[in-house]
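The values are calculated or read from the model by the stated rules, or taken from the named source; none is laboratory data. As the structure is a prediction and not an experimental result, all values here were calculated from the model. Cβ atoms come from the backbone with ideal geometry, glycine included; neighbour counts cover every protein chain shown. Remember, those area values only see protein heavy atoms, side chains included, never the ligands or the DNA or RNA. Shrake-Rupley method; radii C 1.70, N 1.55, O 1.52, S 1.80 Å.
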Amino acid sequence: MPESSTYLPAEWHEQSAVQLTWPHSNTDWQPILEDVTRCYIDMAKAIASRERLIIVAPNPEEVEHLLANNLSDESMQRISFCKAPTNDTWARDHGFITLLSPNGPRLLDFKFNGWGEKFAADLDNCICRRMAEQNIFKGDYEDHLDFVLEGGSIESDGKGTILTTSHCLLAPHRNQPLSQAQIEARLLDALHAKRILWLDHGYLAGDDTDSHIDTLARICPNDTIVFVGCRDIDDEHFEALLNMRMQLESFTTADGRPYRLLELPMADAMYDEDGERLPATYANYLVLNDRILLPTYNQPDNDRAATEIMRLAYPGYQIVGIDCSALVRQHGSLHCSTMQIPQGLLYL
């Protein structure tokens, strides 16, 4: 446990459950709803086979019927539902950010505004309050709705260090006119953190989030950071990701040691029907209690190379690939779609 008695746990902290917010015909998924629903079923199956799953949906009865036809009875017993209207499905960014403390969990509800008012988010911004009203989670609810913060924009080592990107947290229509120093002070206070590492370089074409950290670099156990690299000098990302790597090499742990860095492959370019490049990334994985759910993209060599890197980053974990080719068509991937719930939070 970190020195601070209240802290933001690392993602590999023991979990009670994972949250999914289910796609439906009134979301942007409508044109490819069948494809993305298949991906969500695959995620639900992989999660509920090992731990509890909370599904947020405006039509939970329909989702339950669908899953009952695709999952085992044992897995279905691990699934609970929260009924709520939704704009979209990105649970990472509208779910609770949970702190642990000696007095119990603290459920932090920050404002989600569609990544800087790019998309409607009025319903998604109410999901945490809906879950609190339905007594799904134990813990003290904390209203931080005067501050925009998405779960995909921060990484914690569980020891007081937060990794984030300046491109996202300083992006327009989030927390202006606050300065970087003011935003940092607010984060340190709200998250009970000791320091923030600001990553100033790196992006993915087609990313709506203004460079969420979970698309680029992730903190892993044993003072390790995995990050997306680019070896193709002709790729538009080459220079930005090289500069990102150089900055990561300059970062040190709280006690002054360099991080162990592991480079994930850059996924081969994927495009939508309009020719826009999609932000396919292997950094957007989910940690469960004993396995890693790794996004894959039907690129055997890259998928295999990413799997091998994740085995180095998470020794003892099983690496399970989930085809996320449908998810990236709406500019997100596996981690964006999920939110882990630390141990001890469930009433259910």
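Its Cα gyration tensor gives region 135-243 an equivalent ellipsoid; the semi-axes, largest first and in whole Å, are 27, 17, 13.
For Lys83, the aspartates and glutamates whose Cα comes closer than 17 Å to its Cα, not counting residues fewer than 8 places off in the same chain, are Glu61, Glu62, Glu64, Asp122, Asp124, Glu133. Accessible area of His65 (1.4 Å probe, protein heavy atoms only, ligands and nucleic acids ignored): about 120 Å².
Note on surface exposure: Tyr259, Tyr282 rank Tyr259, Tyr282 by accessible area, highest first, 1.4 Å probe. Rounded to the nearest 500, the helix-only mean residue ellipticity at 222 nm of the chain stands at -7000 deg cm²/dmol, with each DSSP H run of n ≥ 4 adding -39,500 (n - 2.57). Comparing Ala44, Ala205, Ala91 in a Gaussian network model of the chain (Cα springs below 10 Å), the most mobile by mean-square fluctuation is Ala205.
Accessible area of Glu184 (1.4 Å probe, protein heavy atoms only, ligands and nucleic acids ignored): about 50 Å².
With kT/(6 pi eta Rh) evaluated at 4 °C and eta = 1.567 mPa s, and Rh the Kirkwood radius from Cα pairs, region 179-265 diffuses with a coefficient of 91 µm²/s according to Stokes-Einstein. Looking only at Ser101, Ser337, Ser166, which one moves most when the chain is put into a Gaussian network model with springs between Cα atoms under 10 Å? Among Ser101, Ser337, Ser166, the largest mean-square fluctuation in the Gaussian network model of the chain belongs to Ser101. Using a probe of 1.4 Å on the protein chains alone, the accessible area found for Thr252 is around 50 Å². Ordered from highest to lowest accessible area with the whole protein assembly present and a 1.4 Å probe, Glu62, Glu155 read as Glu62, Glu155. Annotation: amide H-H contacts under 5 Å for Gly321 (H modelled 1.01 Å from N, sequence separation of 5 or more, or interchain): Leu294.
Per-residue accessible area (protein heavy atoms, 1.4 Å probe) orders Leu197, Leu327 as Leu197, Leu327, starting from the largest.
Once the Cα-Cα distance is subtracted from the 0.36 nm per residue extended length, the Leu261 to Asp232 segment shows a gain of 8.5 nm. Taking Lys and Arg as +1 and Asp and Glu as -1, the other residues whose beta-carbon sits under 9 Å from that of Leu163 total -1. Computed over protein heavy atoms with a 1.4 Å probe, the accessible surface of the chain works out to 40 Å² per residue. Among Gly160, Gly95, Gly275, the largest mean-square fluctuation in a Gaussian network model of the chain, built with springs joining Cα atoms closer than 10 Å, belongs to Gly275. Here the mean projected area of the convex hull built on the C-alpha positions of region 77-132 is 4.8 nm².
Computed from the Cβ-Cβ distance with R0 of 25 Å, the FRET efficiency linking Glu62 to Leu188 stands at 0.05.
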